[in-house]
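Working notes, beginning with the structure itself.
A short reminder: the numbers here are calculations on the coordinates, not readings from a lab. If you're wondering where the values come from, they're calculated on a predicted model, not measured in any experiment. Cβ sites come from the backbone with ideal geometry, for glycine too, and all protein chains shown count toward neighbours.
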């Protein structure tokens, strides 16, 4: 077993931080470490927190941390911030907002840039969550970037997904038709001291009447004022009810199994893509790509030929005239 793995399993905070850096930087020992960590995971409660920009996700997480620490729970927080397409850097603002918890040994905070990944999360988020699970966190909060209508990756990690809304955030009908509304296990109306809160809650309830009238679980709507730490007890009680529902209905096991299946397919897809890029950079498919560029053959059959060549473990297949 790697020394870094032993440190993570022993609850060494520096070891956990080093392990996540190893994942982000793709160090050579990354895969062995993840293989060794995996059997020690699956115990933490994974809570996803997503929503549109400006809804107050970070302040909600900050307030929820205070509440859960008072309950005696240890926390891991993975906060994902957007990466600049120009500089490649990320302003890790969540680390600034949560600095009050920086010295708390029961709270582990890690900010990650998306690094070009779509879906509202970093490609390495799942692995970072797995490290914190093995490290011993009771609850792991996964905060996505400010998302729009299709950034739904958090549903493939979290046991319970919280969608954060705020009154006065624009056309709610536009938000309701988005896929992001369909992944919610519970809704939070944050900044509930602002005008329009009652109207927004009525609209959410009406949307639920139409979309999930026959579903076994109806997402509750919880009001919070995160800057005043109000509503956190109600929010966590709703999360606990959802977790209980998952276990009693068998959905917890089904969700975890589905997440693992999806992860395997994602890893295969990424590896095949990397193989294809490497082969293309080495000029292995230069003839086939040249044929497409000169319109001697179509891109569809060329893509099939390249895929078949990769799966056969061959490179530089002869040109098909």
(request) Tell me the label-point distance for the pair residue 21, residue 40, using the 7 Å Cα-to-Cβ offset, in nm and rounded to one decimal. (result) 1.9
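Rank by packing, highest mean first: peptides 253-263, 37-47, with packing defined as the count of other Cβ atoms within 10 Å averaged across residues.
With the highest mean Cβ count within 10 Å placed first, the list reads 37-47, 253-263.
State, to one decimal in nm², a quarter of the convex hull surface area for the C-alpha atoms of the stretch 179-321, i.e. the direction-averaged projected area.
14.7
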(request) For the stretch 1-40, go through all pairs of different Cα atoms, get the mean of 1/r, take its inverse, and jot down that Kirkwood value in Å. (result) 9.8
(request) Rounded to the nearest Å, what's the spacing between the alpha carbon centres of the stretch 27-87 and the stretch 202-243? Just the number, please. (result) 21
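Expressed in nm to one decimal, what extension gain is obtained for the pair residue 14 and residue 1 from 0.36 nm per residue of sequence separation less their Cα-Cα distance?
Extending this stretch completely gives an extra 2.9 nm.
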(request) Using a Förster distance of 56 angstrom, determine the FRET efficiency expected from the C-beta separation of residue 194 and residue 287, and round it to 0.05. (result) 0.35
